[in-house]
Every structure is written in C-alpha cells, then in structure tokens.
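Structure first, then comments.
The values are calculated or read from the model by the stated rules, or taken from the named source; none is laboratory data. Since this is a predicted model, take the numbers as computed values, not measurements. When we count neighbours, we look across all protein chains shown, and the Cβ atoms used for this are built from the backbone with ideal geometry, even at glycine.
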Amino acid sequence: MTAAPDLAAIKQTLVRRIDQIDTTAILKLLPMVGRIGENAVQTELLDALRPRLRVMRPPRTLTAQRLFYLPFEHLLVNHDQIRLGAVPQVPRALLRRVWPVIADHVLKTHRRLDLGNALSERDLTVVELEPRLAEYWERGERLVRAAAAHVCHDDRASQRQTATVVGCLRLGGQTLKVRNHFMMRTFDRDRDRLADRFFELFSQLNARNPDDAEQFACLVSPLLGGPVAMLRLLSARANVATLDEDAMGTRRVAGSVLAELNEAVDALAGRADLLELVDVDSLADCLEIEMLAVPMARRSGDQALIRTAGTFIARFVGFLESDLLPMLEARIRGEVDRLTAGAGELAAGDIAGIEGLFAYFQVLAPEAERLGLGDQVSICLRRLAEAVAAVIAHRLDHAAGATATVTGRIEAAGGLFRLYELAAGSSAAFRLVTAPR
C-alpha cells in the first residue's frame, strides 16, 4: 500500500528550494496538488509554487474554483504585492474567507450546468457556452454578496474589494473578451486597433447601463497596463468637450480611476509599512497619472472631473510631503547609521537595499519643483549626503589599507561611494574622496 504523501514536508521543501526544483518535477507535482481538493492545504502548496508557475505557465486544469475566479483572476494579489496606482485589486486572503462559505453552492451550479465536461481553456470564447457561463457567474455574484456580510471585515477596503469581485462576476463575459484580446504583450504591439475594440465593448455597455460601463473599464484596466495606460487611452476621447454618451462615459471612467486612487492614497497615509506597499514603479505610475489628469480634465470642460483631478493632485502631493519623504529619509538614515558600527567589508545586500531606497528620489527629484516639493527633496538629499559622508570618513579613518590615493579611498569607501553619488551627485562624490585628509 502506498503511503500518503507528507504534505507539510512537501510544502517546506517547496518554500526552501523553489528556485532549485527541476521544472519536470514541478509538472509532476501539479496533478498531485490538484487531487488534494480545494482546501487550505492545496492553497498553501499552490502559494509556494506560484512564483515558478508564473514563469513556466503550464497548462492548468479548469476546476470549478478556477472557473469561478476567472473573471477577476487578473486582479488577484498577495497582501505584500498590493501597490499604490494599481487598482482595482483583490487580495487572495479575501477569497480564502469567502470561498469555503460558498463552495458547496458553486459546485452544485457547476455540476448542474455540466461545465466540467463542456469547458476547456480553448473553449472559453465559444458563443454557445456564454449563457451557461453567465448563469454560473450570476449565481456566484449572489453568493459572494451574501457571504461577504458574514465573513468580510467591515471596512472600506474590504467593501471595495468585495464590490470588485461582484462586478467582475456580473460582467464576466465582457471581462473575458477583453482578457482574450488585450493581454499586455498584444496591446503594446497593436495599440490603436485594440483600443478601438475596447471602446466598442465599452460603448455597448454604456448604451445599456453607464454604471456597468464605468465599472467594466476600471476592472479591465490592469489588462490594458494599469491606470496610467487607461488614462492615456481615455484621454483621446475624454478630452473632447462634447455631450455624446461615449465622451461623457469616458470622462466618468477617468473620474472613477482618480477617485479610486484618492482612496488608495488616504488608506496609505500614516502606515508604518508604507515603503513595503509603495514601490518605485507605483510612485512613477502616480506621477504620470498626476501629469495626465489635470490637462485631460481641463480640456474636457467637465467640472466634476476637474474637481476630482484637483483632489487627487492635492492628496497625492500631501502624501508625498507628509508621509513618503519623511519615512524615506528616516529609513535611509537608519540603514546608513547601522553601517557606521562596522569597519569590515560591507555586505553587498546592505548597499543594494539602500541604493533601492535612493531610487525613489531618482524618480521624484525631476518632478519635485513642479509639485512644489523642490526644497524638501533637496534638504532630504543634503542631509542624507552628510550622513553617508560621515560613514565614509569613519571607514577611511579606520581603513587597514593605504588611502593616500584616490583609488585607495574609493576602494575603502566601497559601495558607500555609490550611495554618496546618488545623494550628492558624481562631482561632489569625487571631491569628497580627493579632499586632503
């Protein structure tokens, strides 16, 4: 008799050695994970495998659960992946609370519609199956609404995330059409043709229900490259100060995207883990949105959009001034001060981590004057340069080797020389190591 697999040991091995496991072994493991059943153990094993599966993209069994998730699968994130400027998003933790409550009812609907036999990956766009898929997701929408009242946290973030899931299920057919046609690698190659297709779908929904059209555009924005790409796409239509339904609809979508970002900025204010939630790409996205929003709003002549854009600018700049910049300076100062304690070889990871924090300044500094933050950014960088210079001086004073030459001093400073360059510029860094000691 074959012994049952030790799932706990398998999970530990996956987490510890995920980058070293052979691709063939992972492909053999996937069917076994699928046979476990849709429960917490399977979820944990799939979470451990997910980094490799994203790269490998093996064929996947279209289970009842995955079919249920399909309309919003492109929005799923782990908690530590949530980013400012990449809305809407659905944390997997939310679905782990909801799915056990609704699973039995969903599976019954799946069996009644015979979707297990009828569907495969390549059949997803077959017109004959759309009524059955629509019924499946419509049933799911009602179940999620009922379950959310009992298992979801009573806060705005959870309510917004639940509304995203419900909207995706209600608009599942339209969302899948965009997903099939607008995967980003295709969109980048043939932007104009695919943009026309998006607006065709948007216009059909807008004629029936403007609220659905607005939500549809927001839900598929990640497939089009996120809010930045969506606002670029909308700007060509929303800029026209006309009263036709599609122009007004696109302006409403632009306002909705900005309103979502307003809420995201508010939710991040004061967070101790701010720098874990706002990465450099997020900051760059929001800066581009800030540059797009006001000109688009003004050219449209839409007063509501103008007010929403103005609110976003004010909140975003306030967030940079009061939250991001102070925390960024404090984090870098703490990391630099920690290096003062050692006179030995600097760890490459320490320098790379601090260099990654300076990347925020590299993105923000070119726009600082325009945002009214020029003085604050300059002062932050000057103080950080002084802190790094002090550590360099400390290391030069305690260097075991010769520091009489410029090359010797740069070698003694190690990666700190690069950090000083980032804070003060290349010329100042050269002056620092050539100054008489």
Examine the stretch 49-63 for a residue that is surrounded by fewer than 18 Cβ atoms within 10 Å (Cβ to Cβ), modelled with pLDDT of 75 or more and of a type in the set (A, V, I, L, M, F, W, C), and state whether such a residue exists. no
Asp285 meets each of (1) more than 30 Å from Gly249 (Cα to Cα); (2) within 20 Å of the chain's Cα centre (by Cα); (3) touching a residue at least 60 places away in the same chain (Cβ under 8 Å) with one exception, condition (1)
Kindly indicate which of Asp266, Asp285 is at pLDDT below 85 and surrounded by 15 or more Cβ atoms within 10 Å (Cβ to Cβ). Asp285
Could you check Ile10 against (1) of a type in the set (Val, Ile, Thr); (2) modelled with pLDDT under 70; (3) part of a loop (DSSP other than H, G, I, E, B) and say which number it fails? (3)
Please specify each residue of the stretch 144-159 satisfying the condition of being surrounded by fewer than 21 Cβ atoms within 10 Å (Cβ to Cβ) and at pLDDT 80 or above. Arg145, Ala146, Ala147, Gln159
